[in-house]
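First comes the structure, then the notes that go with it.
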Amino acid sequence: MNTKELKFLCMKEVEAKIGFKKSWVHERVKEGVFPPPIKIGGASRWLSSDIDQWMEQYITRQNGGH
């Protein structure tokens, strides 16, 4: 894995990156369709690369797999 991909994002950064709010993220995590956070102490963080991959897959699904 490239070290550029190893960046942790907090919820506010995830919200800004994907354009959806915290409640939407939590609901999709529960449904198993959004990457779950990594727990670091009491904090929830997401790998930037996981979010990028989810976004690419989401776009592909929305475009009918093309």
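The values are calculated or read from the model by the stated rules, or taken from the named source; none is laboratory data. It should be emphasised that the depicted structure is a prediction, and the values quoted were computed from it without experimental measurement. A quick note on method: Cβ atoms are made from the backbone with ideal geometry, for glycine too, and the neighbour counts reach across all protein chains shown. With ligands, DNA and RNA removed, areas are computed over all heavy atoms of the protein, side chains included. Shrake-Rupley method; radii C 1.70, N 1.55, O 1.52, S 1.80 Å.
Restricting attention to the range 30-66 and to residues that are within 13 Å of residue 8 (Cα to Cα) and loosely packed, with under 10 Cβ neighbours inside 10 Å, the residue that is farthest from the chain's Cα centre (by Cα) turns out to be 40.
The C-beta contact set for the range 44-57 (first residue in contact (Cβ under 8 Å) with a residue 40 or more places away in the chain, second residue open to solvent by 20 Å² or more (accessible area, probe 1.4 Å) and in a helix (DSSP H, G or I), distance under 7 angstrom, 6+ apart or interchain) comprises 48/5; 49/5; 51/17; 51/18. In this structure, does residue 8 turn out to be at pLDDT 95 or above and in contact with a helix residue (DSSP H, G or I) (Cβ under 6 Å, 6 or more places away or on another chain)? When the stated conditions are applied, residue 8 does not pass them. Does the range 16-29 contain any residue that is more than 15 Å from residue 53 (Cα to Cα), in contact with a strand residue (DSSP E or B) (Cβ under 6 Å, 6 or more places away or on another chain) and either open to solvent by less than 90 Å² (accessible area, probe 1.4 Å) or at pLDDT 95 or above (or both)? No.
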